[in-house]
Amino acid sequence: MNFLKISIPELLELGKQKNAEYMQADPFPSMYFDNLFDDDMLRKIIAEFPEIGKDKQDIKYENPNELKLATRGEYRFGPTTREFVHFLNSQPFLEFLQNLTGIKETLLPDPYLEGGGFHEIKPGGYLKMHVDFHKHKLTKLDRRLNILVYLNEDWKEEYGGHFELWERDMSKCAKKILPVFNRLAMFSTTDYSWHGLPDPLTCPPDRSRRSIALYYYTNGRPEGEVNIGDKARITTTFATRDGQDSGKMKWFNTAVNLANDLLPPIVVKAIKKFRNT
């Protein structure tokens, strides 16, 4: 199956050409590409997109920081989606990412799709500002890179759902990316890569924000990308926006972040299921 609109050699060269732009991006290394993938192939994936929440393995995030849906692993993928995700985890695409990001350590895919796969946010949903976990809970590898492939045809600005990148000190939003069809967004994962979809989605009731998320890892990482005490963190860290998020959310984040530091992961998971009623 032809996944790209360009050849593999052209893809590898594109990564090299965009390396400096990626590394120097504000507020942290990041980039997006439009129309890199074959449109018809992505439409087949849209046709395979499941009704998330109907399978017992699906994940429902419902707490003050998250209101979204996700699949687990690749068992809910149709044949085209499975082939596409395998391509995104293949040697040529990994070499493209390595050329683009300048990551020196060997970049590795995650066949378990921990936290990845199909993501969906429905009207009113959100994902508050956060930095991601730093260690894969099974492989213990270091999480270095996120990519997002958006599947939203005819997505309008007024629908919201922008992917927001915030300053290192969480003082303001530095960049907003609209999740339009055939847009590939990516960024380096560190203790300072604050990102999210913090405001409730305002699309029509018959629409939702859909994407495929994949994460990439290395065995070890440069010093300074994460705080010393966070190097082994296997949970997400959320933050509130001054003057924009509620006091209840700040309390919730303080409790969860403290739990991340002190309690076993199974207890932290239970706390995150608490609903802000």
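Some notes on this structure:
- Percent RCO, i.e. relative contact order, over the chain, from Cα pairs under 8 Å lying at least 6 residues apart: 23
- The stretch 24-66: trypsin sites (Lys or Arg not before Pro) in DSSP loop, at most 12 other beta carbons within 10 Å: 54, 56
- Taking every Cα-Cα distance in the stretch 1-147 and sorting them into 5 Å bins starting at zero, the pair-distance distribution P(r) comes out as 2, 8, 15, 18, 20, 19, 13, 5, 1 percent.
- Over 18 Å between alpha carbons, listed pairs 68/128; 18/156; 68/122: 18/156
- Taking the convex hull of Cα positions in the chain, its mean projected area over all directions (nm²): 14.1
- For GluC sites (Glu not before Pro), the sites in the stretch 4-79 that DSSP calls loop and that have at most 10 other Cβ atoms within 10 Å are 51.
- Where labels lie 7 Å past Cα in the beta-carbon direction, separation of residue 38 and residue 6 in nm: 1.8
- Here each label is just a point 7 Å from Cα along the line to Cβ, and for residue 87 and residue 154 those points are 2.5 nm apart.
Here, each number is a calculation from the coordinates, and none is a lab measurement. This is a predicted model, so every value here is computed, not measured. We place every Cβ from the backbone using ideal geometry, glycine too, and count neighbours over all the protein chains shown.
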